[in-house]
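Only one structure is covered here, and it is reproduced in the block below.
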Amino acid sequence: MKIPQVILFLLTLVALASCKDSTDELGNPINLWINGTITGAEGMMVFVEAPSEDGMISLFSGKVNDQGEIALEGNIAGLGFYQLRLGDNKENAIPITPLPNDKLTLNTTLNEFTLKPNLSGPSWTKTLNQYMAKQAVFRTEQMKLMAVQGQLTEQEYAKNIIQFKAPLVSFAKKEIDKNPANPYNIILSMELFPMTGFDGWDSSNLGSFKKVSDAFAKAYGVCPASSALEAQYQQLETGYTQFAQIENGELVAPNFALLDVNGKTVKLSDFRGDLVLIDFWASWCGLCRQESPNMVKLYNTYKNKNFTILSVSLDEDPAKWKEAIQRDGLLWKTHVSDLRGWSSGMPQLYGFDGIPYTVLVNPDGKIIAKGLRGEALFQKIASFYTTNP
């Protein structure tokens, strides 16, 4: 199972240290045992892995014998996210959340290793088995959707992925409600994060995540697992709060002043009373240049309705910047830049790390959308004028 990069980084904090003091690395006690059978996997290696800053690293491993039996034993730092991997395929892995001194038993086959691991032992393994079955169904639907992704709009893709993931999210929330301190909630809580942004995301997921965070702090005390969950919750809450503020038109767009192509100072606040689309782009950005026809179409559609495009370039070469404006037919006059590239203060001011990136600001100077492109951007602007004729 592939873990998203952002979540993997946070989970690294869980696995790198223990909720209890551990001994020296050379004298670590054996505190995890994994036995059982994997029929059809004779001669293959099984690895117990943990996330690190360099990716997943093997803690200990063993070989499936000629009878399909496996017997692993080794040391884990403490409660956290680990994975059990069979063979060289990095995707052929089961996420596990053992506590020190857990004894696990496998009863599966090579072909069903991630589908039906039939792991037993501590109570959290029952949750794992149910989760892996539901995760397999979701992965199948996700692969089908990805195969036709190019035929769908961003909104259609997001709607479908949310629909396909709904049973997995529902399962996670029910299990969390039953036992918030269940160690496997380290994995289930990841399913509560939005996959395609907060649009259409169920905000009640915040409450479920908070239950896990609070329960871990109470059950396991101050330790990396509890701290990481608290950090994840804060990240989720902050992201959703900002999204809600944008949706409700409560987030004020930070003002700025930059020079246009003629050396004249232009401020965002100069356009109060207009609907302003701030378009962060650059002449060297291929995707930005591909968006140019859409920008021209938007401008021509709404230019007589108090609509302005404020194009903010991350160029460094003024000649290439001006040439791109002319070549792409960006006929509005509001083109600005400090010609500092990524050293500009704009990415930090508006919180983006890639372009093209758009911010839609209403006539009151409040942000009402961020990061929209193509059809999604057209629909958002059309919706604004429908509700504000």
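The values are calculated or read from the model by the stated rules, or taken from the named source; none is laboratory data. These numbers were taken from a predicted model, which means no experiment stands behind them. Glycine gets a Cβ as well: all are built from the backbone with ideal geometry, and neighbour counts include every protein chain shown.
A few notes on this one:
- All positions within segment 137-151 that are hydrophobic (A, V, I, L, M, F, W, C) and either in contact with a helix residue (DSSP H, G or I) (Cβ under 6 Å, 6 or more places away or on another chain) or surrounded by 15 or more Cβ atoms within 10 Å (Cβ to Cβ) (or both): 138, 145
- Restricting segment 375-389 to residues that are among the aliphatic types (A, V, I, L, M) and at pLDDT 90 or above, the residue that is nearest to residue 352 (Cα to Cα): 377
- Odd one out for residue 355, checked against (1) closer than 20 Å to residue 153 by Cβ; (2) within 25 Å of the chain's Cα centre (by Cα); (3) touching a residue at least 60 places away in the same chain (Cβ under 8 Å): (1)
- Checking 38, 57, 30 one by one, the residue that is in a strand (DSSP E or B), touching a Gly at 6+ places or on another chain (Cβ under 8 Å) and either in the same structural domain as residue 99 (by TED's automatic domain parsing) or modelled with pLDDT under 50 (or both) is 38 and no other.
- Being in the same structural domain as residue 371 (by TED's automatic domain parsing) and of a type in the set (A, V, I, L, M, F, W, C) holds for only one residue in 212, 266, and it is 266.
- Exclusive hit being surrounded by fewer than 15 Cβ atoms within 10 Å (Cβ to Cβ) and touching a Gly at 6+ places or on another chain (Cβ under 8 Å), set 89, 101, 107: 107
- Hey, residue 154 farther than 24 Å from residue 374 by Cβ and surrounded by 15 or more Cβ atoms within 10 Å (Cβ to Cβ) or not: no
- Considering 68, 150, 80, 121, the condition of being small (Gly, Ala, Ser) and under 16 Å from residue 45 (Cα atoms) is satisfied by 68 alone.
- 3 or more residues among the hydroxyl-bearing types (Ser, Thr, Tyr) and either modelled with pLDDT of 95 or more or under 30 Å from residue 199 (Cβ atoms) (or both): qualifying strands (runs of 3 or more DSSP E) within segment 77-183: 102-109
- Figure legend. Inter-residue proximity from segment 148-168: first residues not assigned by TED's automatic domain parsing to the domain that holds residue 135, second residues part of a helix (DSSP H, G or I), beta-carbon distance below 9 Å, spacing 6+ or different chains. No pairs are indicated.
- Residues being under 20 Å from residue 239 (Cβ atoms) and of a type in the set (D, E, K, R) - total across segment 160-196: 3
- Residue in segment 72-79 that is over 17 Å from residue 168 (Cα atoms), in contact with a Gly (Cβ under 6 Å, 6 or more places away or on another chain), in the same structural domain as residue 182 (by TED's automatic domain parsing) and of a type outside the set (Lys, Arg) present: yes
- Where strands (runs of 3 or more DSSP E) fall entirely within segment 262-374, those with at least 1 residues that are farther than 18 Å from residue 249 by Cβ, of a type in the set (Ser, Thr, Tyr) and at pLDDT 95 or above are at 265-267, 307-313, 335-337, 357-361.
- Leading residue by the ranking (nearest to the chain's Cα centre (by Cα)) among those in segment 60-76 that are crowded, with 20+ Cβ neighbours inside 10 Å and part of a loop (DSSP other than H, G, I, E, B): 76
- Total residues in segment 218-261, condition touching a residue at least 40 places away in the same chain (Cβ under 8 Å), surrounded by fewer than 16 Cβ atoms within 10 Å (Cβ to Cβ), of a type in the set (Val, Ile, Thr) and part of a helix (DSSP H, G or I): 0
- Residues that are out of contact with any strand residue (DSSP E or B) (no Cβ under 9 Å at 6 or more places or on another chain) and among the hydroxyl-bearing types (Ser, Thr, Tyr), drawn from segment 326-376: 343
- Scanning segment 360-375 for residues that are within 19 Å of residue 289 (Cβ to Cβ) and either outside the structural domain of residue 295 (by TED's automatic domain parsing) or touching a residue at least 60 places away in the same chain (Cβ under 8 Å) (or both) turns up 371, 373, 374, 375.
- Residue in segment 54-77 that is of a type in the set (Phe, Trp, Tyr) and more than 16 Å from residue 125 (Cβ to Cβ) present: yes
- Inter-residue pairs, beta-carbon under 7 Å, first without any contact (Cβ under 8 Å) to a residue 40 or more places away in the chain and in segment 76-92, second not in a strand (DSSP E or B), 6+ apart: 85/92; 92/113; 92/114
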